[in-house]
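Visitor: Please find one structure pasted underneath; my questions will follow.
The values are calculated or read from the model by the stated rules, or taken from the named source; none is laboratory data. Because the structure is predicted, anything quoted here is derived from the model rather than measured. Don't worry about glycine lacking a Cβ; one is built from the backbone with ideal geometry, like all the others, and counts go over all protein chains shown.
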Amino acid sequence: MASVEIQGLSKRFGATTVLHPTDLSIEAGEFVVIVGPSGCGKSTLLRLIAGLETPDTGRLMIDGRDVTAAPPAERELAMVFQSYALYPHLTVAENIAFPLRVARRPKAEVDARVRAVAAALDLDALLDRRPRALSGGQRQRVSIARAVVREPKVLLLDEPLSNLDAALRVRMRHEFARLHQQLGATMIYVTHDQLEAMTLANRIVVMSAGHVEQVGTPMDLYRAPATLAVASAIGSPT
Ligand code: ADP
Ligand code: MG
């Protein structure tokens, strides 16, 4: 696990400022949930942390190291996308192994890691299937397995459950809590589901229109929302 230190990070697309200069300190091992309405900049913030976007201003430190200019592969993090983004022509085992193959790890190590991760995510019986032969929940578990196979210190998740039905979302919520324990990774998790935020988070970051509105424990924000935007994001009585 690693700490994540965001200092004055901002992003414009053309004339539109999507993220105003933002500061945020995340402790090693913390489970931070980012909430806020659609279009407020949640995905952009995650993509900046991942190195998939370049900031206009600011710095990003991971474990005390300045990675502002580092390519994604050198940040010791992994990202799970809402759309799963699996390779359709590869089997489950090959999808999970992919990041290790890119990193040119030896075959014995690749096989052992794939088996371990598949067991942890209950995918053992599905290793030879292709993504189209999986349910939505199974696909999401494969995308998580692929993200954690290199034992990232930071795991970024962008609305990972939004394509699943309500019952499966509840089950996967418990999986994420367990995964956090098991991996010991720092988790930064974007959702628009209040219940996910309240149950998973050590701290919640509420965003609104490209800035951070308030940061606190679920109880802090529920009891004392600083603004109406926070109250509506958290579902606290106003
Ligand atoms: P969220 O994840 O909170 O829904 P996003 O970070 O995806 O919000 O987007 C924030 C704003 O930035 C939106 O208005 C979106 O249209 C805009 N945006 C995101 N990515 C791009 C891009 N590559 N080019 C132009 N505008 C973008
Ligand atoms: Mg988004």
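Visitor: Taking R115 and the conditions (1) in contact with a helix residue (DSSP H, G or I) (Cβ under 7 Å, 6 or more places away or on another chain); (2) not in a loop (DSSP other than H, G, I, E, B), which numbered condition does it fall short on, given that it satisfies the others?
Guide: Status for R115: all satisfied but (1).
Visitor: Now, a different point. Any idea which of (1) within 17 Å of the chain's Cα centre (by Cα); (2) of a type in the set (A, V, I, L, M); (3) farther than 26 Å from P72 by Cβ is the one L168 doesn't satisfy?
Guide: Single failed check for L168: (1).
Visitor: Which one of S25, S83 is farther than 24 Å from Q181 by Cα and polar (S, T, N, Q)?
Guide: Exactly one residue qualifies, and that residue is S83.
Visitor: Touching a Ser or Thr at 6+ places or on another chain (Cβ under 8 Å) and more than 16 Å from ligand 2 (Cβ to nearest atom): does that describe G51? Please lay out each step first, then the result.
Guide: Working: touching a Ser or Thr at 6+ places or on another chain (Cβ under 8 Å): no; more than 16 Å from ligand 2 (Cβ to nearest atom): yes.
Here the answer is no, as G51 does not meet what is asked.
Visitor: For the structure I just gave you, tell me whether A119 is within 30 Å of D165 (Cα to Cα) and modelled with pLDDT under 95.
Guide: Criteria met by A119.
Visitor: Right, another one. Given the options L195, L221, L228, L200, name the one that is under 18 Å from V154 (Cα atoms) and out of contact with any Leu (no Cβ under 6 Å at 6 or more places or on another chain).
Guide: Checking each option against the conditions leaves just L200.
Visitor: Considering D193, D220, which residue is surrounded by fewer than 18 Cβ atoms within 10 Å (Cβ to Cβ), among the acidic types (D, E) and either under 30 Å from R105 (Cβ atoms) or more than 16 Å from ligand 1 (Cβ to nearest atom) (or both)?
Guide: Being surrounded by fewer than 18 Cβ atoms within 10 Å (Cβ to Cβ), among the acidic types (D, E) and either under 30 Å from R105 (Cβ atoms) or more than 16 Å from ligand 1 (Cβ to nearest atom) (or both) holds for just one of D193, D220, which is D220.
Visitor: On the basis of being modelled with pLDDT of 95 or more, surrounded by 23 or more Cβ atoms within 10 Å (Cβ to Cβ) and under 20 Å from Y87 (Cα atoms), does L161 make the cut?
Guide: no
Visitor: Considering only the stretch 115-172, state which residues are within 16 Å of ligand 1 (Cβ to nearest atom) and farther than 23 Å from L100 by Cα.
Guide: E159, L161, S162, N163, listed by residue number.
Residues are listed down the side, and each one gets a yes or a no for (1) of a type in the set (A, V, I, L, M); (2) under 30 Å from L127 (Cα atoms):
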{"residue": "S3", "(1), (2)": "no, no"}
{"residue": "T44", "(1), (2)": "no, no"}
{"residue": "E74", "(1), (2)": "no, yes"}
{"residue": "P88", "(1), (2)": "no, yes"}
{"residue": "L100", "(1), (2)": "yes, yes"}
